[in-house]
Structure formats: structure tokens, C-alpha cells
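The values are calculated or read from the model by the stated rules, or taken from the named source; none is laboratory data. Since we're looking at a predicted model, the values are computed, not measured. Heads up, the Cβs are rebuilt from the backbone with ideal geometry, glycines too, and the neighbour counts pull from every protein chain shown. In case anyone asks, the SASA skips ligands and DNA or RNA and just uses the protein heavy atoms, side chains included. Shrake-Rupley method; radii C 1.70, N 1.55, O 1.52, S 1.80 Å.
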Amino acid sequence: MEPILCTQPRRFAVVAVAKMVAKARNCELGGEVGYHIGHSKVLSARSKIVFKTAGVLIEEMREKGLNALKYKVIILDEVHERSIDSDLVLVCVKQFLLRNNDLRVVLMSATADFGRYRDYFKDLGRGERVEVLAIPCSNQQALYQRSVSYLEQITEFLGISSELLASRYCSGPSPSLEAADIKPEVHKLINDLVMYIHENEPDIEKGILIFLPTYHDLEQQWHLLNPHSSCFKVHILHGSIGTEQALMAMKIWKSHRKVILATNIAESSVTIPKVAFVIDSCRSLQVFWDGVRKKDSAELVWVSKSQANQRKGRTGRTCDGQIYRLVTRSFFNKLQEYESPAILRLSLRQQVLSVCCSESKAINDPRVLLQKTLDPPDIRVIEDALDLLVHINALERTSVRGRYEPTFYGRLLASFSLSFDAAVVLLKFGDVGLLREGILIGILMDIQPQPILHPFGDEHLFAEYTYRYFGGDCNNVVQIGRKEMILMGNLCAYQFWQRVFKDKHRLEHLKHLSKFDEMKAVTLLLPRIEEEWCSFHNLVQSSLQQVSEIYEDILSLLHAFRPRFLGKCDGLPTYYDPYEFGHECLLENQQNGDTIAVAADEEYEELSVIKKCVAVPFVDSGHFQTINVAEKLSAIVKEIRVRLTKDAAGIDAHYASNDESGNNAGYANIDNSRNNAIYANDDAYHSSVNGETPSCVYFIKGNCNRGSQCSFSHSLQAKKPACNFFFTLQGCRNGELCSYAHDLPPSVSSFSTSPCLREEDDVNAASLLQLFPSSSDGCILLLDDNDFHFSSVFARFFDPSKIISTTSMSNTTMSDPSLKGVRILWDVHHPTQTIISKAGSNPIPWSEVKCLLWFPAFDSHSDNLEGHKILMRSFFDNLAIRIIADSLYELRIIITMNNIRFSQLQVEKMGRDCFFFLRESFPFDEASFGELSDVVTTRKAMVESKPVSYVFDLQPPTDIQFDDYAATLHECLHGIR
């Protein structure tokens, strides 16, 4: 029964369970046991057990249909967690079960209502049996005991008055009538309970797991525990905490008692060793569509009994367990049996678009598919989502039974593994010529943790770190919201990492290219060097790497689709403006102040001393076009805010949550005081409207104290000023009740009718020919033109005596008159002899060459992707050394190849790693220059396979940054000779 696929509701659970199973099977993770979360794949062709998130499986089913389910068994774990992804996986798998009799599906949960699931699958037919099985422990004697205490018992042994327990800690007698807010008394009660457990439990290895609903609540409890750091080692489990950091909670400490502060991320799937005590606040954060604010919002709710039982199950696994529920027994008995499915609470626009883009007809009609879910949403919600997607040109309604088909723009939106409006922002940035910055901003809108270090419980320090990357006078030049400011800070931090750290090691790579042993040593040490550098500059290494991986994947997708704006988007990143940028670290030792607790396999304690760079700001307002990008972001957010909240028919837009847990969104949605936009003064509210004096909103509210001295209109007919909060990512909390206007100002351009179109099929020979130098300026070099096809073609358009062509063939007598005058370099093998020439003099007169053309010869029927990558990487490596060493900075590089191949190989990334930046690209004119032998087939809708010419320029870093590296490369290159 292999291979086996198992889905888990959260990334943390996928990695933790995969590691546990690999350890149990005594194999290396990524071999027999593997996992796939987001853009991270740790698996191989020989993996027999694979763990994935539900979202990953949905994406695979959307693209591959039934072929995504080539497993013997599919296990859907924790099916009681009713996230949208979970429900969509269930309905899609059921549809495919009707087509594949060999597939076996196992649904697992300790608390689900399996009667409902049995009924859900009973219509499969063909005599299929739907069984419900209880899985016994392999050794019944090994079961540990669990006991539950409620508020009545907790207050009794803590010596707290038992009067008014419900109103004091539960906010009232019934969950249906009372808010789930956590009062300060509840936080104090939790802290007292932790201290009581610590004083009365002698085994210090027995840990405490505390369930709280929000990030803010985790911070509150962390501050209460911080004075007792000599007793406790506190771990945080929240969506914003990196996976590796979260996995530290699995350690057993012998010097400190482990206390884990967690949201519902730890509610299921994971066994945390030696958790003997669970303190359950019985609250959770739930995301829902807010019709007033026109966006997703989050509210505190009471958990269901099912959720409480899941939390109970976190103990009693490796030792006896005690559960403390911070509600009275009568209050608990009134909780709902199961939580409300997310599919009934949220907008479905992202899911509807994704379903419409599915390749398989079995799952590509949202109105049919979503009505087959376990709890079908209201059909009006689906219709509203369809109407909105048609309105923004993502879908179009066809005449065939009223079906909806995705447009090119819709396909692009659905192809990115980003939230809906992050994808919209990305493509809008492409329209304005800042594609690569837009990709990064889109990723940063979704990713957690973000690149800038966010010290838990210290917002002031986080603000200081952000200011070091996005500060100075930026806030006074362009007014943006707090979320946008954090986005810009992280964008600058990523670019700073690329410009200062990555560029340095790209140069080191070129220097050591011919010194294998030294290069190997540098490569082995690089992760440790990078970790230290990131620590110096308050950055999260794993986050930077994740952003980089997602960036390359998205950029490759765009090269496969080739939207119209792609060819003209200058590939030179904004972090190369200004060109002369330098940063020299000024390191200081700083005492962390925290004692490092010792794990069970460690022997000593030590104080944490860290080094920090104090040469701040790292990026000021004059670097990296920061103000320009911030202004574009502000304008784009304004456009999107209006476009996605209203349409011509007055349809409410819906904004789908991209939070992987379904109800673990950031607390920032509730705490408006922390996320309201930042403005210079109160008069920023009263912006002028078309040159007319806007109305005074304080007069409208009846509390203007300026009277006739007020500079704003006291007429009810005056146009309302724009709401600055509405035009930010955070949005206005007052929605339609706001006293300010939620209409787009005339100064901001509106969305184009067709926001993103595919590249036109027109080809023009002049696009390529105009890049050639004039005959008097220099030569063009055709590398590896073995059959001389392109040499003879270009000889008709360009002076043959100015064409140099290399071939690996031996010198033969040429009878082709079209090659007369062309300088042919025989028996030259690419790239070792054409570019570097390790022995003898190089035959190519590089000082004459102004334009290099390469038509890589790939075997169209070969799957040797790694071999193709080696060829491309060698080309860029060697050419970078040649250009830098001999100062050939005017040399233009034109590579012509199939766009799908370019995408698969991530050629733009390989070029960028050697300081080659893509300046433009355009379809290759095969009618004028002959067909390209490299052909790649694709079945992906809206993706066209075609030959494209890619124009690269080399843009090396300055000597100001890295000294005279060109001289070093010159010595290295000519030393080889």
C-alpha cells in the first residue's frame, strides 16, 4: 500500500508529523518520508509516505486533475477542522473517487461527527463500503490518564473566591449571550495557575501548554511570565512564528519548565513531548466577512466542544495529563458541539476563481462543486463572487449553459500561490513597470514570519528595526498606512540583503570558480556566515530564503504566461539605484539578557551575547527608489480598495482569507489603534475635493468647535473629504457608516478595462536587429552555431565581415556563399573555450565584440533538466568573469530560446546570480530568421510555447562596496592562460 499521501491542516503540523514518522521509520527526511508545504518540497521520487497541507493538494488537483491523486491511499487527517481548504479537498477527492475505483481514502479525527461523513460518501455506488473504525493503542496498558478541571475546581485550589465566577471569567452565564473577550482577570488567573503547577509538580520536565486566541493575548501572558524567566522556558506557537523556531517547542528541558503559549495552531495533529498540563481559555479567533467594512475581519468566539476536546487531546500522550478549562462546567455544557465551517463564513472569490481555472471538468464549475460540499454555502455568495470576478475581468460568462471561463488575467491571478489581493497588487505593479518590486510586495503581504525580526512581546523594538530600513523623511513625503509602512520596510530589508550580502558572495563565487577546494569550503560555511550576518542586521534568514524561492517561482510563471507588460519591464532591480551604494558594518556586543535554557541532551548554561550592526539606517529614503515605490503602492492600494469593494451593480466585494489555519488571522484586524494609518496631522482628513472646500465632518457629527473660523464647509451639500483610512490595506472600520468618502479621488487613475493581457503574437525582425551595433562600432558574436544556420541568416542583415561565429566542428571547406566574409572559429567548444579558454590564448577578439548571440541547443525530447541548468549556469559564470576582468561592460547579451524552457530553468535567476539583468524580451521572428530547434509542449491553458529573445546586460556592484574585485578577476582569468 504505497505511496501514501497524508494531509494536515497546518504547515507546522506537516513538518512536525513528517519528522516524527521519519524518525519512527529510521529514515532520513526527504527519502522514504517527505513533505510539501507551500514552496518548500522535502521529498524525492522514492518517497513512499508524503505529507502535504490541504492547500497544496488542492493546487495539484486543480492543475493535474486525477493525476494528482496517484497514490494507493490518501489520508485526510483532522477532518473536523472545517477550513475552506479542508472542505474543498474533501469534495474534490470525492468527485475523483467516482472515477478511480482503486483509490482508498481514509478520514481521520478524534472528534469529528463521523455519522455525517459516512452519509456524505454513501452515494459513491458500485457497492463501496464506508466504514468507521476505532484505532486502538498498540499497548492498552500504555494509555495515560487525563482529568479535567473547570473554574469551580481551579478557584478552589487557588484559594480564589468562587462568587460570580461566570461573570468574572466567562463574561456571563451563557456563551450565546456573552462576548469572548479576555479580561485582565483571566490573564492573572492563568499566571497564578502556572505558578501553582510549577510549585506543586516536582518533575520539571513536565510542560504546560496554554491556549489563547490572539497574538496580543500571547504577548500579555508572555509579559506576565517574563519576570520568572529563571523558572520557565517559554515557546510561542503562532502563524507568524517560523516553522523551525516553532519546532523548538518539541524539546524537553531539564533546567527550566517548558511553557508553550499557543493559538489553535497547536490544537491538533502534533504531539508535543512531556506536555502534562493544558490550560484552555476556551476562546478562539474566527475570521468572517464583514459587510460593513467590506473586508475580512476577525472576532473572538467561544470554542466548540469538539475544539475543546482536541485541546484536551494534547496531553495524556506521553505522560498523565491535567486539563484546566477556564469556564464553569455549566458554561462549557452550553458550548456548540462543532465550530461553524469557514465556507459558510467567508467570501469565496479566491476559491471560485481557483475552481474555474481547474483543468478537470469534474471540478471546474464552482456552482456545481461548492453545492456538493459537506455544508454548501448560500448560492448567492457564489453568484456574488462570480459577478465580482467578471467585473474585474478575471472571468467571462460564455453562452454555453452560462458557464464562466477564466480570462488570461484570471488565469494569472489563480496561478500565483498568493492571496487574492496580493496577486492583484503584483500584476498592477507590473502594469506600472515595477514588476519585480510588485512580486516582492505581493509575497510580503502574505508571508509569515517576515524578513525583519519581530521580537516577541516588544513592539517598540520591532518599530525601531523597521525604521532602520524604512525611515528618515519617508513618512513626511508619502503618507501611507502602518501595514504599508511595514511592507516597505521589509521590501527594503530584502533588497538590502540582496545588495550587501548576496552580491558579496556572488563575487566570491566568481573569484573561486576555478578553485574547487576553496569554493567547496566557502559553500559549506555560507549558511553559518549568512545566519550571523542576518542576526547582525535584525533579519530572519529563513524568511529571506523563503521570499527568494517564492519570488523565483512567480517570476518563472510570468515568463511562461508572458503577459504584455513583461517584455518591457526593466529587470534592473530598484536596489541598484543609487548605483554607488555602500554599507560597512559597525558591530557592537549586546547582552541579550535571557538565560539559555538547557535541553535534555545539553550540559551547561550560558548567557546569550549577540552582535548587532549599529551603522543605521541600513537603507535611507534616498536609496532603492523607496519613495517612488511607496507612492506607487499607495496609489495602487487606493485603486484596488475601490475596485474590489464596489462595482456598477453595487455588489459587495468579498475578500478571502489566506491564513493557513482558517481562523488564526493576525490580531491586528481587531486592534485598530495599532494599525490605523499614520498621518502628519488631523487636517489630513480634510483633503481638498476637486479644488472645492470639503465639508467639515466634525460639523456633520455636531461637534465642530471652530464655528465661523472653521476652514471647512458647514454645508451638508458639500462633498465629503476622502477617508484616508479606507485607502489603506487596513481599511476603514466604519464601513458605510463612515463620515468620509470612500470614492476614488479623480487624481488617482482608475483600473484599465483590461488590466492584464497576454503578449501580442505580432513579431518583428527589427526588434532584434536594432540591438546590433553599427558596422563601425563593433562585431556580433554567435556562440556555438554549429550548423551555421544563424550565421548565414544574419549575414543577410549585417556586414558579414563583422560577424564572428564559433563551432565545435573541425575546419572544413565551406561552399556556402552566404558565409563569405564571416569569421569562423573552428573546433572551439562552448563554453570552456569560447569564453574562458583554460589553455592557450582565447581565439575570440573580445575587445571587438559588442553583441553576443546564443541559441542554446537543447534536445527537445530530453528530460535532462539538471544538465541544461549546468550548461546555462556555466555560460553566465564564465561570461561574467570575462566581462568584469576585461571591462567589457558595453557587451550586450541576447539569448534566444523557448519561453517554457526559460521558465523551467529559471534562467533569469541564473543570470542575476552573476549580475546579468534582463532588460527586455520579445518574440523571436522565425519567419525572418528561421525556426528554433528547441520546442517545448505545454497543455496549460493560456500558456503559449514560443521562441523568445532575452536581452541581458551585466550590472556589477561598485568598488565602493567590495573593493577592486575586477583586478582580482583579471589576474585570475589571465593567470589561467
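Using Cα centres only, tell me the gap between region 432-487 and region 773-822 in whole Å.
Measuring centre to centre over Cα atoms gives 52 Å.
Give the residue from GLY207, PHE157, ILE182 lying farthest towards the positive end of the charge dipole for region 149-211; charges sit on Cβ (+1 for Lys and Arg, -1 for Asp and Glu) and the dipole is referred to the Cα centre.
Sorting the options by dipole projection puts first ILE182.
To the nearest 10 Å², what's TRP846's accessible area with a 1.4 Å probe?
10 Å²
With a point put 7 Å past each Cα toward its Cβ, work out how far VAL793 is from GLU396 in nm, to one decimal.
In this crude label model, VAL793 to GLU396 measures out at 3.2 nm.
Take each uninterrupted DSSP H stretch in the chain, measure its Cα extent along the helix axis, and return the ones at 27 Å or beyond whose mean Kyte-Doolittle hydropathy is at least -0.5.
Span-like helices, by this rule, are 516-536, 541-561, 865-885.
Roughly speaking, what % of Cα-Cα pairs in the chain are separated by over 41 Å, rounded to a whole number?
The calculated P(r) of the chain puts 47 percent of pairs beyond 41 Å.
At 7 Å along the Cα-to-beta-carbon direction for both ASN864 and TRP826, put a label point, then send me their distance in nm to one decimal.
2.6 nm
Calculated FRET efficiency, THR812 and LEU871, Cβ-Cβ r, R0 22 Å, to nearest 0.05?
0.30
Setting aside same-chain residues fewer than 8 positions from LYS274, which lysines have a Cα under 23 Å from its Cα?
Within reach: LYS19, LYS23, LYS206, LYS233, LYS251, LYS254, LYS258, LYS312.
Any idea of MET108's accessible area? Nearest 10 Å², probe 1.4 Å.
60 Å²
When Lys and Arg each count +1 and Asp and Glu each count -1, what net charge do the other residues less than 10 Å away from LYS946, Cβ to Cβ, add up to?
-3
Given the DSSP H assignment, sum -39500 (n - 2.57) over each helix run of at least 4 residues in the chain and divide by its residue total; what's the result at 222 nm in deg cm²/dmol, nearest 500? Before the final figure, lay out the partial values.
Values: 34 runs with 335 residues, N = 977.
The per-residue figure over the chain is -10000 deg cm²/dmol.
Quote to one decimal, in nm, the extra length available between SER711 and LYS334 on full extension: 0.36 nm per residue of separation minus the C-alpha distance between them.
130.1 nm is the gain from fully extending SER711 to LYS334.
According to a simple spin-label model (label point 7 Å from Cα along Cα-to-Cβ), what is the distance in nm between LYS909 and ARG46?
Once both label points are built, they end up 2.5 nm from each other.
How large is the Kirkwood hydrodynamic radius of region 921-977, in angstrom, based on all distinct alpha carbon pairs?
15.9 Å
Provide the FRET efficiency to the nearest 0.05 for the ARG25-ARG104 pair, computing r from the beta carbons and using R0 = 30 Å.
For ARG25 and ARG104, the calculated efficiency is 0.90.
Go through 578-590, 316-328 and give me the packing order, highest mean Cβ count within 10 Å leading. List each step's numbers first, then the result.
On the way: 578-590: 12.2, 316-328: 20.2.
Final packing ranking: 316-328, 578-590.
Against the globular-protein guess of 2.2 N^0.38 Å, express the Cα radius of gyration of region 874-972 as a ratio, rounded to two decimals. Could you put the intermediate results ahead of the total?
Values: Rg = 16.3 Å, N = 99, 2.2 N^0.38 = 12.6 Å.
For region 874-972, the normalised Cα radius of gyration comes out at 1.29.
Lys and Arg at +1, Asp and Glu at -1: add these up for the other residues within a Cβ distance under 11 Å of CYS492 and post the number.
Details: positive: ARG468, ARG499; negative: GLU437, ASP620.
Every neighbour counted, the sum reads 0.
Do me a favour and compute the ellipsoid semi-axes for region 42-173 from its Cα gyration tensor, root of five times each eigenvalue, largest one first, whole Å.
In descending order the semi-axes read 41, 19, 17 Å.
Suppose all protein chains stay in the model; what accessible area per residue would a 1.4 Å probe give for the chain, in Å²?
Heavy-atom SASA per residue in the chain reads 43 Å².
At what distance in angstrom do the alpha carbon centres of region 950-967 and region 378-415 lie from each other?
Centre-to-centre distance over Cα atoms comes out at 47 Å.
For TYR579, project a label point 7 Å along Cα to C-beta. Then give me every residue of region 947-962 with its amide nitrogen under 18 Å of that point.
Inside the label zone: 952-962.
Applying a 10 Å radius around every beta-carbon, put 461-467, 337-343, 376-382 in order of their mean neighbour count, most first.
Most protected by this proxy first, the peptides run 337-343, 461-467, 376-382.
In whole angstrom, note down how far apart the Cα centers of region 88-105 and region 241-299 are.
32 Å
What does DSSP give for the chain in terms of the percent of beta bridges that are antiparallel, rounded to the nearest 5?
Beta bridges within the chain, antiparallel portion: roughly 40 percent.
Per the Kirkwood definition applied to all pairs of different Cα atoms, how many angstroms is the hydrodynamic radius of region 67-110?
That comes to 10.9 Å for region 67-110.
Starting from 0.36 nm per residue, how many nanometres of slack lie between VAL368 and ASP959 once their C-alpha separation is accounted for?
Going from the current span to full extension adds 206.6 nm.
For ASP119 and SER775, compute 0.36 nm times the residue count separating them, minus their Cα-Cα distance, and round to one decimal in nm.
Full extension of this stretch gives 228.3 nm more.
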